[in-house]
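Heads up: the structure comes next, in structure tokens.
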Amino acid sequence: MTLARPATPADAEELVRLRTVMLDSLAGAGTDLGWQPVAVATLRRKLADPSGDLAAFVVDRPDISDAPDTPYTPRALAATAVGVIEHRLGGPGNPTGISGYVFSVATDPDLRRRGYSRACVEALLDWFRTRGVRKIDLRASREGEPLYASLGFVRTPDPAMRLTL
């Protein structure tokens with residue numbers, strides 16, 4: 001059984017690297033990487049606040065030697081899932097208006113199909129539960145949809161729309 005751990009500010013660069021892996025798999029390789037330093041700074045700040053509204057859970061790469069005579073090397077990450085708590089006005093089905101949003105679920109391509117993303121998402125769902133969040137949304141890729149369905153997520157009839165200013 002794979003256990004995910006909470007991400008720390010020290011994981012910020014690896015979290016952004018994995019987000020890039022995810023984005024590249026969805027939209028093809030991108031050349032605009034100017035967002036990365038901002039994302040690293042945001043993650044460092046947000047992950048430093050354990051009572052904040054953002055959390056990430058990670059699985060470390062298993063292929064780093066743990067031999068006692070090997071000098072310590074920071075581990076690279078194999079997988080991650082990031083989530084945020086959003087506060088809106090309450091309504092039917094969600095009287096508190098508190099909801100969660102899951103994003104940046106990614107596993108390095110060479111380590112997929114080992115349960116790492118599942119472990120990260122399950123840990124994130126537990127975090128949401130402990131924070132009183134009962135409504136959680138996400139957008140699923142075709143490849144990710146079976147995982148989310150197995151965890152109880154269902155398609156909604158609401159179409160997504162976006163305005164970029």
### Message
Taking the 0 to 90 degree range and rounding to the nearest ten, how far is the long axis of helix 12-27 tilted relative to the main principal axis of the chain, both from C-alpha atoms?
### Response
60 degrees
### Query
What ranking, highest mean first, results for peptides 95-103, 151-159, 127-135, 112-120 when packing means the other Cβ atoms within 10 Å averaged over each residue?
112-120, 95-103, 127-135, 151-159
### Task
Roll a 1.4 angstrom probe over the protein heavy atoms and tell me the percent of accessible area of the chain that is carbon or sulfur.
57 percent
#### Entry: Spherically averaged projected area in nm², based on the convex hull that wraps the Cα atoms of the chain
11.8 nm²
### Task
Note the angle between two axes, namely the Cα long axis of helix 116-130 and the longest principal axis of the Cα atoms of the chain, as a number of degrees from 0 to 90, rounded to the nearest 10.
50 degrees
### Task
Over the range 74-165, consider all pairs of different Cα atoms and compute the Kirkwood hydrodynamic radius from their mean reciprocal separation; express it in Å, one decimal.
14.6 Å
### Query
Using the heavy atoms of the protein chains alone and a 1.4 angstrom probe, what is the accessible area of the chain per residue in square angstrom?
65 Å²
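The values are calculated or read from the model by the stated rules, or taken from the named source; none is laboratory data. Predicted model, so just to flag it, every value in this text is computed and none were measured. Don't worry about glycine lacking a Cβ; one is built from the backbone with ideal geometry, like all the others, and counts go over all protein chains shown. Only protein heavy atoms, including side chains, enter the accessible area calculation; ligands, DNA and RNA are left aside. Shrake-Rupley method; radii C 1.70, N 1.55, O 1.52, S 1.80 Å.
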